[in-house]
Amino acid sequence: MWFSERQEEVLNAFNVTQQQGLSNAEATLRQTKFGLNELQTKKGKTISQLFFAQLQDWLIYILFVAVLITLFTGEYIDAIIILLIILLNATLGVFQEVKATNAIEELQKISTPKAVVKREGITKELDVKELVPGDIIILEAGRYVPADIRLLEAIDLQIEESALTGESIPCVKDASVLSNDTHVPLGDRHNMAYMSTLVRAGRGTGVVVSTGMETEIGKIANLISDEKEEKTPLELRLDHLGKMIGKIAISICLLIFLIAIIQGRDLMDMFLLSVSLAVASIPEGLVAIVAIVLSLGVTSMSKRNAIIRKLSAVETLGSVNIICSDKTGTFTQNRMKVSKYYLPDDKNDDPRLLAKAMILCSDATVSNEQATGDPTEIALLQWGDELQINRALLYADNQRRAELPFDSNRKLMSTLTEENNIYTVYTKGALDELMERCSHVLVNGEIIKLSKQNEEHYRQIAEEMSDQSMRVLGAAYKNVNSDTIAASEMEKDLTLLGFVGMNDPLRKEVIISAQKAKNAGIITIMITGDHKKTAFSIAQELQITTAIEQVITGREVDNMNEKEFGEKVGSYRVFARVSPEHKVKIVNALKALGNVVSMTGDGVNDAPSLKAADIGVAMGITGTDVAKSAADMILTDDNYATIITAIEHGRNIYNNIKKSIIFLLTCNFGEVVTLVVSLSLGWEAPLMATQLLWINLITDSLPAITLGMGPPQPAIMKEKPRSLHENFFAGGAGRRVVFGGMLIGLTTLLAFCYGFNRNGESPFSETVDNGTLKHAQTMAFMVLVGSQLFYALAVKSEKNHFFKVSLFSNKYLLYAITVGFALQIMVMITPFMREAFNLQVLQLRDWTTVLLLSLIPLLLIELIKALKSATKK
């Protein structure tokens, strides 16, 4: 732990001196030993690898089996159609994923190309990748830190480490600080500078202690590359569904052969019939429909400022029950702002004199929304603008004659200005240090002695500000006789003007969004690099927590073993002072408890946890490229409220996908019922394999797709998140599939019997006229399609009956039903298609019967809904 070692010990360990640095020969040897100072890249997947990954799904496996069966039976067109469906699904998936870039490559881009190095006593610039442990580095304002460095000198050195630690305020560095504690958080290691952080102010010198993958940023790269790809809840549910359908298909085929043996039928004929049943039981269009609905969801969400990188992640959002969010830039605006001020003057509440002192004692600049300098000083200038202070005129009237720069030991900055031949010293800084140098205070326009009682009062008010997560800065002044005052005299016998409280303000919409998430059964957890008290104050304001016992620090996490932490992790709402490793540990522990976890963030330090989470959400504006690359979703407006909107959208998409799946499975079950019952009774098959494939791919698929485009449900965010283990048949959906399928199947059998009776024959006859059989099969085919198309209207709403839901609430479904009937009529009136499907022209009486029978499943289902609704009332 280099931060706990004395400077001499560090230099001796690397066998180097600060004055000379390494020799070129020694640097070459060390480069051979330690390698280049760069992050190792993980080779990304090729297009072909991405494509084949899309095929690793149980439903796809079943479709491949269907292709083999159709090829074996000579149905080559059917085989081609199913293959096209498989290709469509894979292409949609690859198209979405190919946009992603490798997170490690983005990490590598962060490193700056040049560093100022001292070798053989000569200062020169070198490529960052040429640095080795032991190199002496010179740091300057505006440069990125090129490696992990133990500081030897730090002169007013401030380094912004927000992307690494999550803290929005630059860290003031002190090369002389030592700590015997080996568990000091990154943000508190004041004698260290870390690779890829930015020098905001001052200068420094240090010795390189780690390069490449051994740096803190390198450890993050390892965390990202070590994370394994996990299947989303939707992928798991579809896998489960695929296995179930496969088992059902095999069971049905075995059942048919058993019936064949019992009835003494021709086994080859029964094999062909079992193929028909396999086709009937497999919803061939399901995979493509899910992909299409998800793609439509991705497009819709992009219009709502949420870009999805992986199709299945859309639905996962709807399952989220825990949102882990980084504080800086997510809950907050990632900028400092003066929130409160205090004036000892109880008669005059005009803070402009206090603001004047703050502005004149500053090196920051703000012009046309372009700001440079320390964020706290920028906030003070912006506060002056809010008070309508003309800074240009103020600078012109107050010429700076001398200054005493900020020093991390003094924690103060002073300037000497001249205004109308009057010389004034203005001092700003930490209130404790400032009051030590104040002998007087400005009260009611008079300078009076600063009493111990007043001093304690001011400290108490400042402490209250600190408890509200504010950084407190005070300002004082004194008039002097000339511009020749000694530096040692500038900060003596000052008069206190007052002090301000600054913080990183919350985004306006965050509190409302957090409450909306709470109502939806979603727990919000804040993960931050801030101190415990600051984090708790912000969490209270967000109404995430009300008790300090629900706040834990990274150090306290380290003191728990894995089992203890796993048992307690669910009781915490705030994790403060955490490292990137902690964030990953937290996310994994929450997932191990069966939660679906979303992690939001924008910094480099968030990347591993974004990748580990079920849904990683990165900020599109303030987010680093690394965070965006590791995330599943990117917010283009950096608005926390968009996360909640996306979750709401994800829930609706899942509901719509479920409707599509339930509809398809109901239709397929209806087909299975039709064939199994007819064959069990010794009848001829009412449907042909070609007809079943047409139904599954065309007439069923169109309503299924449009059911997936259904309007959002207003009350969906009042429901609790779905269980990770919930399947598509939860909530009575399985019963609806069976009951709806039986209605469709029995109605189709009625149509089949009608076709025989119409010609004076019976399906039980030992010999059947081909014309009669053709007419009966045509009736069965048309009623099956008609009943399924009408049944789509019943699936539109799970609970509300047909007359309670607007017919035009999903206009696309109406279009699909209309097109479905049009396609059936086209099949009937087009001679070559009529022959291909083995159909017979129907009479007007037949069409009337088709219409009436097709309406039976819809009307019965809607009647049951109406009765249930009336019973509840």
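Some observations on this one:
- Failed condition for Ser408, given (1) more than 15 Å from Asp493 (Cα to Cα); (2) open to solvent by less than 20 Å² (accessible area, probe 1.4 Å): (2)
- Pick from the range 667-714, criterion hydroxyl-bearing (Ser, Thr, Tyr) and surrounded by 21 or more Cβ atoms within 10 Å (Cβ to Cβ), ranking: farthest from the chain's Cα centre (by Cα): Ser678
- Residue in the range 768-791 that is exposed (fewer than 13 other Cβ atoms within 10 Å of the Cβ), farther than 18 Å from Ile695 by Cα and among the small types (Gly, Ala, Ser) present: yes
- Test: residue in the range 651-674 that is modelled with pLDDT of 85 or more and closer than 21 Å to Ala514 by Cα: yes
- Residue within the range 440-462 that is open to solvent by less than 30 Å² (accessible area, probe 1.4 Å), of a type outside the set (A, V, I, L, M) and touching a Lys or Arg at 6+ places or on another chain (Cβ under 8 Å) present: no
- Extreme residue, modelled with the lowest pLDDT, among residues of the range 235-290 that are loosely packed, with under 15 Cβ neighbours inside 10 Å, charged (D, E, K, R) and part of a helix (DSSP H, G or I): Asp269
- All positions within the range 380-417 that are among the polar types (S, T, N, Q) and either farther than 22 Å from Gly501 by Cβ or not in a helix (DSSP H, G or I) (or both): Gln388, Asn390, Asn398, Gln399, Ser408, Asn409, Ser414, Thr415, Thr417
- Counting only residues that are assigned to a helix (DSSP H, G or I), open to solvent by less than 20 Å² (accessible area, probe 1.4 Å), aliphatic (A, V, I, L, M) and at pLDDT 75 or above, the range 624-650 holds 5 of them.
- Taking the criterion of being more than 17 Å from Arg410 (Cβ to Cβ), part of a strand (DSSP E or B), out of contact with any helix residue (DSSP H, G or I) (no Cβ under 6 Å at 6 or more places or on another chain) and touching a residue at least 60 places away in the same chain (Cβ under 8 Å), the only residue of the range 475-497 that qualifies is Val480.
- Cβ pairs under 6 Å, 6+ apart, first in the range 500-520 and within 25 Å of Arg459 (Cα to Cα), second of a type in the set (Lys, Arg): Gly501/Lys340; Met502/Arg471; Pro505/Lys337
- Residue selected from the range 314-344 under the condition buried (at least 22 other Cβ atoms within 10 Å of the Cβ) and of a type in the set (A, V, I, L, M), by the criterion farthest from Gly384 (Cα to Cα): Val314
Residues checked against (1) at pLDDT 90 or above; (2) more than 23 Å from Leu317 (Cβ to Cβ):
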position: Asp530; (1), (2): no, yes
position: Val551; (1), (2): yes, yes
position: Glu556; (1), (2): yes, yes
position: Ser579; (1), (2): no, yes
position: Asn595; (1), (2): yes, no
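- Of all the listed residues (Ile586, Ile621), the sole one being open to solvent by less than 40 Å² (accessible area, probe 1.4 Å), of a type in the set (Val, Ile, Thr) and either at pLDDT 85 or above or not in a helix (DSSP H, G or I) (or both) is Ile586.
- Matching residues in the range 537-547 - criterion: being modelled with pLDDT of 90 or more and loosely packed, with under 15 Cβ neighbours inside 10 Å: Ala547
- The requirement of being in contact (Cβ under 8 Å) with a residue 12 or more places away in the chain, over 20 Å from Leu238 (Cβ atoms), surrounded by fewer than 24 Cβ atoms within 10 Å (Cβ to Cβ) and touching a Ser or Thr at 6+ places or on another chain (Cβ under 7 Å) is fulfilled nowhere in the range 717-737; no residue meets it.
- Pairs, first closer than 21 Å to Ile661 by Cβ and of a type outside the set (A, V, I, L, M, F, W, C) in the range 672-696, second assigned to a loop (DSSP other than H, G, I, E, B) and at pLDDT 80 or above, C-beta under 6 Å, six or more apart: Thr674/Pro686
- Matching residues in the range 518-535 - criterion: being crowded, with 23+ Cβ neighbours inside 10 Å and in a strand (DSSP E or B): Thr524, Ile525, Met526, Ile527
- Criterion (open to solvent by less than 10 Å² (accessible area, probe 1.4 Å), in a strand (DSSP E or B) and within 25 Å of Leu542 (Cβ to Cβ)) met by exactly one of Val500, Val472: Val500
- Test set (1) hydroxyl-bearing (Ser, Thr, Tyr); (2) within 30 Å of Thr417 (Cβ to Cβ); (3) out of contact with any strand residue (DSSP E or B) (no Cβ under 7 Å at 6 or more places or on another chain) - Thr534 fails condition number: (2)
- Scan the range 16-41 for residues that are in a loop (DSSP other than H, G, I, E, B) and either loosely packed, with under 13 Cβ neighbours inside 10 Å or of a type in the set (A, V, I, L, M) (or both) and the total you get is 4.
- One residue stands out among those in the range 170-219 that are among the basic types (Lys, Arg) and part of a loop (DSSP other than H, G, I, E, B): the one that is farthest from the chain's Cα centre (by Cα), which is Lys173.
- Test: residue in the range 799-813 that is open to solvent by less than 80 Å² (accessible area, probe 1.4 Å), closer than 24 Å to Gly741 by Cβ, in contact with an Asp or Glu (Cβ under 7 Å, 6 or more places away or on another chain) and in contact (Cβ under 8 Å) with a residue 60 or more places away in the chain: yes
- Enumeration of residues in the range 370-387 that are without any contact (Cβ under 8 Å) to a residue 40 or more places away in the chain, buried (at least 20 other Cβ atoms within 10 Å of the Cβ) and in contact with a helix residue (DSSP H, G or I) (Cβ under 7 Å, 6 or more places away or on another chain): Leu381, Gly384
- Pairs where the first residue, in the range 6-24, is under 13 Å from Ala175 (Cα atoms) and the second is part of a loop (DSSP other than H, G, I, E, B) and not small (Gly, Ala, Ser), C-beta under 7 Å, 6+ apart: Arg6/Leu178
The values are calculated or read from the model by the stated rules, or taken from the named source; none is laboratory data. What you are looking at is a predicted structure, and each value in this text was computed from that prediction instead of being measured. Reconstructed Cβ throughout: ideal geometry from the backbone, glycine too, with neighbour counts over all protein chains shown. Protein only, heavy atoms only, side chains kept; ligands, DNA and RNA dropped before computing areas. Shrake-Rupley method; radii C 1.70, N 1.55, O 1.52, S 1.80 Å.
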